[in-house]
Amino acid sequence: MNRVLKFLAATLLPLIPAVAWAGPPYDTDDPEPTDLHHWEIYNFAAGDRMGGITQGQAGVDLNYGGLPGVQLTATLPLDYETGAGRRIARGDVEIAVKYRFVHLEKQGFSVAIFPRLILPTAGGGFGTGRVQALLPVWAQKDVGPWSIFGGGGYTINPGPGNRDFWLGGLTVARDVSRRLSLGGEVTRQGPDTIGAGGTTTLGVGGIWKLKKPFSILASAGPEWEDGRHSAGLHFYAALGLNF
């Protein structure tokens, strides 16, 4: 019996499709919504370090599969800055709805829109004091253990000295095992204020699934701003819950 079980495992396990992960910890998003009536919660810390100053956010990212193909999202952050002094205050609350309108399961292809509103709730001198909106489209193609996802959109960024801008990215990730996924990405964002430069980032990341419902997510890599000769660093780390 043991020999039969070992034979079946060796024969069938390679045929079972690997679990594909996308979205966090990458800056590039994906079109896959949270499973229906399930939660994905990320307790995260993220930021950028450039010119001796570190800026970023820490908080909770809530995602719920409210309807088939629909994900409801709310991000509740604290903003922080270190370098020339230290400050921390509540950040801008973000609300979003992901709607997957193309889902070809056999072909491993999907497309979604993920409009997001950024509300002017920040204090302590953070935020723009205006409502911002991100209007992106994301697509994904799965091939065996590989996932390629990317896209981008336009950000409406009102306020004195601010500029509307485009952003986009592309990620290639591979399921190394049923518990571990690794990937790399490249992103590009246009200038968001008058006189600023656009930014380009490279990053590597991974997701390690622990005992249910927990997982650890992390990514990091260099960042370049147009007109600067030295590179910065961007990073993301989170404890994820999926239930």
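Figures for the structure shown
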read-out: Matching residues in region 184-217 - criterion: being in a loop (DSSP other than H, G, I, E, B) and either touching a strand residue (DSSP E or B) at 6+ places or on another chain (Cβ under 7 Å) or surrounded by fewer than 16 Cβ atoms within 10 Å (Cβ to Cβ) (or both); value: 190, 191, 192, 194, 195, 197, 198, 210, 211, 212, 213
read-out: Yes/no for residue 181 being surrounded by fewer than 18 Cβ atoms within 10 Å (Cβ to Cβ) and either assigned to a loop (DSSP other than H, G, I, E, B) or at pLDDT 95 or above (or both); value: no
read-out: Hits in region 33-46 (condition: surrounded by fewer than 18 Cβ atoms within 10 Å (Cβ to Cβ) and either in contact with a helix residue (DSSP H, G or I) (Cβ under 9 Å, 6 or more places away or on another chain) or in a strand (DSSP E or B) (or both)); value: 36, 39, 43, 45
read-out: Scan of region 218-236 for residues that are part of a strand (DSSP E or B) and free of Cβ contacts under 8 Å to residues at least 40 places away in the same chain, ordered by number; value: 220, 221, 222, 224
read-out: Within region 98-147, strands (runs of 3 or more DSSP E) holding 2 or more residues that are surrounded by fewer than 19 Cβ atoms within 10 Å (Cβ to Cβ) and in contact with a strand residue (DSSP E or B) (Cβ under 9 Å, 6 or more places away or on another chain); value: 109-113, 132-143
read-out: Search result, residues across region 169-178 that are buried (at least 21 other Cβ atoms within 10 Å of the Cβ) and without any contact (Cβ under 8 Å) to a residue 40 or more places away in the chain; value: none
read-out: Selection from region 218-234 of residues that are closer than 15 Å to residue 45 by Cα and open to solvent by 70 Å² or more (accessible area, probe 1.4 Å); value: 233
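The values are calculated or read from the model by the stated rules, or taken from the named source; none is laboratory data. Not measured: the values here are computed from a predicted model. Here Cβ is always computed from backbone atoms with ideal geometry, including for glycine, and neighbour counts include all displayed protein chains. Calculation scope for accessible area: heavy atoms of the full protein, side chains included, ligands and nucleic acids excluded. Shrake-Rupley method; radii C 1.70, N 1.55, O 1.52, S 1.80 Å.
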